[in-house]
Amino acid sequence: MSAVLELAPLRAADGAAVEALLDAAFGPDRRGRTAYRLREGAEPVAALSFAAFDEAGALAGSLQCWPILLAADGGNCHSLVLLGPVAVAPMRQGEGIGRGLMCAALAAADDVGVPALALVGDAPYYGRFGFDASRTAGWRLPGPWEPSRLLARFAPGAALPARGLLVPALPRAADWA
Ligand SMILES: CC(C)(COP(=O)(O)OP(=O)(O)OC[C@H]1O[C@@H](n2cnc3c(N)ncnc32)[C@H](O)[C@@H]1OP(=O)(O)O)[C@@H](O)C(=O)NCCC(=O)NCCS
């Protein structure tokens, strides 16, 4: 079944509906995940965050991106973007909604010159979008993580330090575009 839905900026979605969708996709204990510590005090990057609405106008999927920093072991801080969570309503999974959200976010990230996006997630899924763990082995998170699930996608020619700690970015850094 193909999904011809409306993709829109995330701000078009009701915040409570987004939270309910995330609970349905990940379970209510999702907030204990380390990735959430990287989002503390920040707002999603508006230009890189999207919602999908079904034919009846109900929220069917969402993708959020967040500003984060790589605090390099050498001392400098480098801006990048944390992608996720990506969630599709359980009844609508497997219809291409996730792919549509990912393509929208990655195209927008490329348009505004984001050097790298990082995420914590399933490599078999995100690998198809250019994410892998080949350059993240020296990155650390403010909580437990599985190294094989810390993935990144770099813009062509972009480089970031090989070793450092990922931390939340200041709220004022939330606007890339
Ligand atoms: C993962 C998720 C966002 C994908 O969205 P979706 O709209 O269902 O996916 P699409 O229809 O665009 O793509 C379906 C493809 O992704 C694959 N896929 C879905 N979840 C996967 C996973 N966790 N690992 C590997 N592949 C996965 C499917 O097998 C299918 O593969 P195919 O195209 O080769 O048949 C959605 O299923 C979801 O919300 N899952 C629960 C939350 C979650 O796990 N989120 C992120 C993963 S860390």
| field | From phi via Karplus (6.51, -1.76, 1.60), per-residue ³J(HN,Hα) for the stretch 70-80 in Hz, x at Gly/Pro | value | 9, 7, 5, 4, x, x, 7, 10, 10, 7, 8
| field | Calculated over the chain: convex hull of Cα atoms, volume per residue (Å³) | value | 114
| In degrees, nearest 10, range 0 to 90: what is the angle between the Cα axis of helix 97-112 and the longest Cα principal axis of the chain? | 50
| All Cα pairs of the stretch 87-177, percent lying beyond 19 Å | 49
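Hey, got the dipole for the stretch 6-174? About the Cα centre, +1 on K and R Cβ, -1 on D and E Cβ, debye to the nearest 20?
It works out to roughly 580 debye.
Where a number appears in this text, it was derived from the coordinates with a stated rule and is not lab data. It should be emphasised that the depicted structure is a prediction, and the values quoted were computed from it without experimental measurement. Here Cβ is always computed from backbone atoms with ideal geometry, including for glycine, and neighbour counts include all displayed protein chains.
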